[in-house]
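Structure, as structure tokens:
A short reminder: the numbers here are calculations on the coordinates, not readings from a lab. Values in this document were obtained by computation on a predicted structure and should not be read as measured data. Please note: Cβ atoms are built from the backbone with ideal geometry, for glycine as well, and neighbour counts cover all protein chains shown.
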Amino acid sequence: MASGSRDVLYAEPIDQVPSFEFNEAVSDVFGDMIRRSVPGYDTVMRTTGVLVAEVADDGDTVYDLGCSLGEAAHFVLAACGDKALRLVLVDSSEPMIARAQERFSAEPNITCVCADLLQVEFDKAAAFILNYTLQFIEPKARTGLLGRLHERLLPGGALVLSEKVRLDTPTCDARAVRRHHGFKRLMGYSDREIENKREALEDVLVPDTLADVKSRLRQAGFVGIQVWFTCLNWASLVAYKSGGHA
């Protein structure tokens with residue numbers, strides 16, 4: 001995990017909580033914030049590297065979209081060993097991409113790009129990583145983005161996708177949310193911090209159901225869709241383009 005400060009951004013009383021942004025303050029504490037907020041985060045990052053290594057060969061391009069501090073890319077490098085990959089890290093947050101650039105300054109095959117994912121022209125790639133990113137994109141634009149990623153994948157290429165998800169019924173979803181808040185308390189967040197963060201993310205992070213995520217992937221043309229990790233209201237999937245390794 002990249003170094004940073006402890007997350008206390010929502011510890012004090014806030015009269016009117018502003019909408020969540022990936023700004024300088026968030027980027028400074030993001031490593032701590034996401035580890036204490038997302039169940040299984042370390043497992044997801046490490047396994048992302050394993051999944052990418054299955055489909056990426058020498059000379060292939062891999063994209064990490066919504067890369068934040070570049071944690072997934074770190075484990076892709078570790079899992080791929082001596083393979084000569086081209087990694088492209090994309091994030092719309094200037095503070096995040098600046099920190100990723102600094103982190104990988106000694107890696108000549110890693111390029112960091114500050115851009116809106118919906119505006120990027122992608123090269124052909126062996127894999128796309130989309131961890132905890134699609135949930136921040138307007139729902140009406142999500143299937144179209146997945147379709148563009150599928151079109152740019154090489155045959156047998158993979159998409160690794162992780163999301164916060166809504167459960168299928170209001171009762172089950174409310175229970176999962178309560179459990180997630182319980183997890184955050186165990187990770188050291190106060191009730192005030194949990195509530196302030198929840199309010200900040202309202203209408204910013206808009207989760208799909210897991211069924212919706214799978215449906216979007218199928219509509220985009222993906223096959224071999226597998227849910228390989230779930231915990232509370234968080235899920236990670238891998239999906240493939242037919243041909244090659246798929």
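So how far, in whole Å, is the C-alpha centre of region 187-203 from the one of region 76-139? Between the Cα centre of region 187-203 and that of region 76-139, the gap is 28 Å. Angle of helix 94-103 to the longest C-alpha principal axis of the chain, folded into 0 to 90 degrees and rounded to 10: 60°.
Extension gain, Val227 to Asp15: 0.36 nm times the residue separation minus the Cα-Cα distance gives 72.3 nm.
Across region 162-167, coupling constants 3J(HN,Hα) worked out from phi with the 6.51/-1.76/1.60 Karplus curve, θ = phi - 60°, read 10, 8, 6, 10, 8, 7 Hz, and Gly and Pro carry x.
Defining a contact as two alpha carbons under 8 Å apart and six or more residues distant in sequence, what relative contact order in percent does region 1-120 show? Averaging sequence separation for qualifying contacts and normalising by length gives 24 percent for region 1-120. With the Cα gyration tensor of region 79-167 giving a ≥ b ≥ c as the square roots of its eigenvalues, does the rule (a/c under 1.5 for rounded; else a/b larger than b/c for prolate; else oblate) give rounded, prolate or oblate? It comes out oblate by the Cα gyration axes. Axis of helix 24-37 versus longest Cα principal axis of the chain: the two differ by about 90°, to the nearest ten degrees.
Pairs of Lys residues in the chain, spaced 8 or more positions apart or belonging to different chains, with C-alpha separations under 18 angstrom: 9 in total.
Using a cutoff of 8 angstrom between alpha carbon atoms and counting only pairs six or more residues apart, the relative contact order for the chain works out to 22 percent. Highest average first, the peptides 150-162, 40-52, 9-21 ordered by how many other beta carbon atoms sit within 10 Å of their residues are 150-162, 40-52, 9-21.
For the chain, the share of DSSP beta bridges that are antiparallel, to the nearest 5, is 40%. Each Cα pair under 8 Å and six or more residues apart adds its sequence gap; the mean of these over the residue count of region 113-212 is a relative contact order of 34 percent.
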